[in-house]
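Trainee: Okay, here's the structure, questions in a sec.
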Amino acid sequence: MGVLVFVTGVLLAVNAWAVVDTRTGLDSAAYSYLRAYTAASTRGEAVAAGIAAATASMGGRTATTRLRIEAPAEPFGPCLPATVTLRMTVPAVRVPFLGTLGETTVTATETDMVQPYGRARPDQPEQESPCPR
């Protein structure tokens with residue numbers, strides 16, 4: 001009986017760690033997405049760069065087929081906010097020889113401003129921010 005309780009406790013701890021690890025990875029991927037997204041000059045380039053950065057940030061943590069990225073819905077332009085949401089499903093319980101039982105969806109959301117300090121328009125000097133003060 002004691003061995004069963006011990007094994008159950010270890011399985012729960014390992015599965016809880018998988019959720020924490022996934023959340024940490026998603027936070028990092030969301031940050032990477034927005035770093036690439038906000039540095040681009042057009043929305044199309046921004047979305048492509050963001051997806052590439054988020055996927056690279058997740059690296060070998062998991063199969064990227066389980067990674068769902070919701071691109072910013074806000075209009076793209078200087079000094080406008082951009083919010084990205086990343087979701088990934090994680091098996092709730094992994095049991096040896098039986099597989100997985102249930103799933104947990106882990107979500108990370110990050111918001112940043114598009115090009116708040118760079119020259120966003122050719123008619124503006126390099127040292128001035130295009131953002132209203």
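The values are calculated or read from the model by the stated rules, or taken from the named source; none is laboratory data. Just so it is clear, the structure is predicted and the values come from calculations on it, not from any experiment. Note that we place each Cβ from the backbone using ideal geometry, even for glycine, and neighbour counts take in every protein chain shown. All accessible areas refer to the heavy atoms of the entire protein, side chains included, with ligands and DNA or RNA removed. Shrake-Rupley method; radii C 1.70, N 1.55, O 1.52, S 1.80 Å.
Trainee: Among 41-49, 4-12, what's the highest-first ranking by average C-beta atoms within 10 angstrom per residue?
Mentor: 41-49, 4-12
Trainee: What FRET efficiency would be calculated for the residue pair residue 35, residue 87, taking the C-beta separation as r and a Förster radius of 22 Å, to the nearest 0.05?
Mentor: 0.65
Trainee: Given charges of +1 on the Cβ of Lys and Arg and -1 on the Cβ of Asp and Glu, with all other atoms neutral, how large is the dipole of region 63-114 about its Cα centre, in debye to the nearest 20?
Mentor: In total the dipole reaches around 320 debye.
Trainee: Another question, if that's okay. Measuring with a 1.4 Å probe in the full set of protein chains, what accessible area per residue, in whole Å², belongs to region 1-44?
Mentor: Accessible surface, normalised per residue, equals 60 Å².
Trainee: Report the calculated FRET efficiency for residue 5 and residue 68 (r = Cβ-Cβ distance, R0 = 41 Å), to the nearest 0.05.
Mentor: 0.65
Trainee: Another question, if that's okay. With all protein chains present, how much of the accessible area of region 1-84 (probe radius 1.4 Å) comes from carbon and sulfur, to the nearest whole percent?
Mentor: Carbon with sulfur: 69 percent of the solvent-accessible area.
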